[in-house]
Amino acid sequence: MKKWKCSVCGYVHTGDSAPGTCPVCGVDKSKFSETTESTKSLQENIDAQIQGEAWEVVHYIGAALLAEKLGFACAGQIIRQIADEEAYHGANYVFRSGANGTTKEALKEFMGKMIKAERGAHKMKSEGASLALSEGKNEIAALFKISAEDEARHAVMWEKALKSIG
């Protein structure tokens, strides 16, 4: 099969000929040219989307925190809404791709992994707090400590959620 790339939006179509119109941006067939460029597999594309959305969430919430700290509550609220929508996008790629399975058993297995991961994150962040304190970095030590406590609480919450589904 040949690959055809839209010169407007970059969409790559696989087939004997270019599509009549681009399904992404709507331009006509004339904007497509045959390409030998390799494209990512569907799973690689899904993984890249999840990674990109996660990056955006973390950085957008960081921007929201800064806006709020500087006294721009409205901007902070808007940025948080964007971050929430980006998190939703990423979560849907995970859910709809079946990355963690789609059965009750798969969900329970995933939840068990998350309990262990949260406990590990608690340990790692507690160690980070100790290291920061030893270097006299009290503000970052406090952040590590609060984050560690949250991770321990998250493990308990995951356990409760797991018990609730039997």
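Bear in mind that the values in this text are calculations on the coordinates, not laboratory data. Everything numeric here is computed off the predicted structure, so don't read it as measured data. A quick note on method: Cβ atoms are made from the backbone with ideal geometry, for glycine too, and the neighbour counts reach across all protein chains shown.
Before moving on, here are some points about what is shown:
- Most mobile of Lys125, Lys29, Lys69 in a GNM of the chain (Cα contacts under 10 Å): Lys29
- Each Lys or Arg adds one and each Asp or Glu takes one away; over the other residues whose Cβ falls under 12 Å from the Cβ of Leu143, this sums to 0.
- Stretching the chain fully between Asp16 and Lys113 yields a gain of 30.5 nm (0.36 nm per residue, less the alpha carbon separation).
- Relative packing of 75-88, 8-21, which averages over residues the other C-beta atoms within 10 Å, highest first: 75-88, 8-21
- Evaluated at q = 0.14, 0.18, 0.23, 0.27 Å⁻¹: base-10 log I(q)/I(0), Debye formula over Cα of the stretch 101-166: -0.48, -0.65, -0.84, -1.00
- Positive contributions from Lys and Arg (+1) and negative ones from Asp and Glu (-1), summed over other residues with Cβ under 9 Å from the Cβ of Lys3, come out at 0.
- With contacts taken as Cα pairs under 8 Å and at least 6 residues apart, the stretch 101-166 reaches a relative contact order of 42 percent.
- Modelled spin-label separation between Ala63 and Glu127, with each label point placed 7 Å from Cα along the Cα-to-Cβ direction: 3.4 nm.
- In nm, spacing of pseudo-spin labels at Trp55 and Glu105 (7 Å Cα→C-beta vector): 3.7
- Trp55, Trp4 arranged by Cβ crowding within 10 Å, fewest neighbours leading: Trp55, Trp4
- Summary of packing: across the peptides 103-115, 37-49, the per-residue average of other C-beta atoms within 10 Å ranks them, highest first, as 103-115, 37-49.
- Charge tally for Ala87 (other residues, Cβ to Cβ under 12 Å; Lys, Arg +1; Asp, Glu -1): -4.
- The relative contact order of the chain comes to 14 percent, based on Cα pairs under 8 Å that sit 6 or more residues apart.
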